[in-house]
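Single-structure report; data block below.
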Amino acid sequence: MCTVFWDRQGVLLVEFLPQGTTINSALYCKTLKKLRHAIQNKRRGMLSATILLLHNNAWPHSAAQTQDLITTFKWEQMDHPQYSPDLAQSDYHLFLHLRKFLGGKQFDNEDDLKDAVQKWLTLQAAAFYESIQKLVPRYDKFLNNGGDYVEK
């Protein structure tokens, strides 16, 4: 399993979990701490601004331990509406293109696969990651139409 945190400037953190690992709140909190460290290193000064996480309602995201940590970091979160794949930028944009890149390729081992994913994420132009900015008007339209995409 691969978890990717990214913003309009590029990838902040990529984390691969060993096969068969189940994500729980303790593991997710460790990942969020790594993310905070990555933000400190890659986006100097960003931690003094508002950090906004787009989360779905998966248990590790909504668990009390996770929510307490996010509050401690003074980060905000925006819940991902169910049944709205185009509002999940990682699924709709990032992983869609990554899946196309990986399609038909074979790797000798897990490390080769991880290296290929890391390299592909690094080689994407800035414009690729700037697409996350399209999320705001889509999300506004969704909310302003009561969860419907088509105005009545």
Considering only the range 2-16, state which residues are farther than 14 Å from Lys30 by Cβ and without any contact (Cβ under 8 Å) to a residue 60 or more places away in the chain. Leu12
Go through the range 100-124 and give me each residue that's in a helix (DSSP H, G or I) and of a type in the set (Lys, Arg). Lys100, Lys114, Lys119
Given (1) within 26 Å of Glu110 (Cα to Cα); (2) out of contact with any Phe, Trp or Tyr (no Cβ under 6 Å at 6 or more places or on another chain), number of the condition Leu35 does not satisfy: (2)
Long-range neighbours under 6 Å by Cβ, at least six apart or interchain, first residue farther than 18 Å from Gly10 by Cα within the range 95-114, second part of a helix (DSSP H, G or I) and not acidic (Asp, Glu): Phe107/Leu113
The range 53-68, residues that are loosely packed, with under 11 Cβ neighbours inside 10 Å and modelled with pLDDT of 85 or more: Ala64
Restricting attention to the range 4-19, does a residue exist that is over 19 Å from Gln118 (Cα atoms), at pLDDT below 85 and of a type in the set (S, T, N, Q)? no
The listed residue being without any contact (Cβ under 8 Å) to a residue 12 or more places away in the chain, surrounded by fewer than 16 Cβ atoms within 10 Å (Cβ to Cβ) and β-branched (Val, Ile, Thr), out of Thr50, Thr71, Thr21: Thr71
State all residues of the range 1-23 that are aliphatic (A, V, I, L, M) and either within 14 Å of the chain's Cα centre (by Cα) or not in a loop (DSSP other than H, G, I, E, B) (or both); if no residue qualifies, say none. Met1, Val4, Val11, Leu12, Leu13, Val14
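The values are calculated or read from the model by the stated rules, or taken from the named source; none is laboratory data. This is a predicted model, so every value here is computed, not measured. Every residue, glycine as well, gets a Cβ built from its backbone with ideal geometry; the counts of neighbours run over all protein chains shown.
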